[in-house]
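Everything on this sheet refers to the single structure shown next.
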Amino acid sequence: MKGNGVIVARDVCKYYRMGTNEVRALDHVTVEIGAGEFVALMGPSGSGKTTLMNIIAGIDNPTSGRVCVAGAELQEMSEAERSAWRTRTIGYVFQNFNLVPVLTAEENVELPLLLLPLSRAERRAHVEAALESVNMLAWRRHYPRQLSGGQEQRVAIARAIVTDPAVLVADEPTGNLDAEAEREVMELLVQLNRQLGTTVVMVTHDATAASYAGRIIRLEKGRIRG
């Protein structure tokens, strides 16, 4: 598929059936995101922004259209192939952190690496580098309950980048944080974007969070607006 971006979506539709009604979550969306860009997807609830992010991440399949991410044509992959591709290519940051409460910070960060053919020493080195990059190495043996919300999100970001993904997707990453923690997390995402060259695609309702992005894509009723 032609396009110079690390993410290229062409004429993407996502339709759902709810009884006799057809819901058009995405309606002929075309978008291209360049390598190293930081893009915010904004729009009201039900606008399709999370659906678009999940299709970019290979979590959901479009009803029609074509999606190419980091050189891979997602619609041509089997579920198993796409799962392996996600492990190597996509880092995911959640609003609710999704840390495992019975694991320490370093054990949470290590989880994605268990799916890769790495030795224990290699995994440890990756974990330490990821925690250091988010300034959480000193809290490596702390459990989630011992951390603030901002610290939990930093650990979650370390887990998302530990595999050195080409694309980092973040779903309302500051939604559960106070203003100071929000600022710290957003500055960290900008730093990672600039220093590592990681492409960041962030869904947010928050204009303050979106202001950190280099570009804002607005969706409304399943279509790109403006």
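Any idea of the accessible area per residue across the range 154-226, 1.4 Å probe, to the nearest Å²?
Values: 3150 Å² over 73 residues.
With the other protein chains kept in place, the range 154-226 gives 43 Å² per residue.
Given Cα pairs under 8 Å that are at least 6 residues apart, what percent is the relative contact order of the range 43-92? Each step should come with its number before you reach the end.
Working: 24 pairs, mean separation 13.2, N = 50.
26 percent.
Quote the relative contact order of the chain in percent (integer), defining contacts as alpha-carbon pairs under 8 Å separated by 6+ residues.
Values: 435 pairs, mean separation 68.3, N = 226.
Relative CO of the chain lands at 30 percent.
Remind me, relative contact order of the range 80-203 in percent, using alpha carbon pairs under 8 angstrom and six or more residues apart?
Numbers: 178 pairs, mean separation 44.2, N = 124.
About 36 percent, as a whole number.
Of all the accessible heavy-atom surface of the range 58-196, with the other protein chains kept in place and a 1.4 Å probe, what percent is carbon and sulfur? Each step should come with its number before you reach the end.
Numbers: 3290 of 6800 Å².
With neighbouring chains kept in place, the figure for the range 58-196 is 48 percent.
Restricting the count to DSSP beta bridges whose residues both fall in the range 64-204, what percent are antiparallel, rounded to a multiple of 5?
On the way: 2 of 11 bridges.
Percent antiparallel among DSSP bridges in the range 64-204 is about 20.
When the chain is modelled as a GNM with alpha-carbon springs shorter than 10 Å, which of P44, P173, P165 fluctuates the most?
P44
The values are calculated or read from the model by the stated rules, or taken from the named source; none is laboratory data. Since the model is a prediction, treat every value here as computed from it, not as a measurement. Side chains are part of the model used for accessible areas, which takes the heavy atoms of the whole protein and leaves out ligands, DNA and RNA. Shrake-Rupley method; radii C 1.70, N 1.55, O 1.52, S 1.80 Å.
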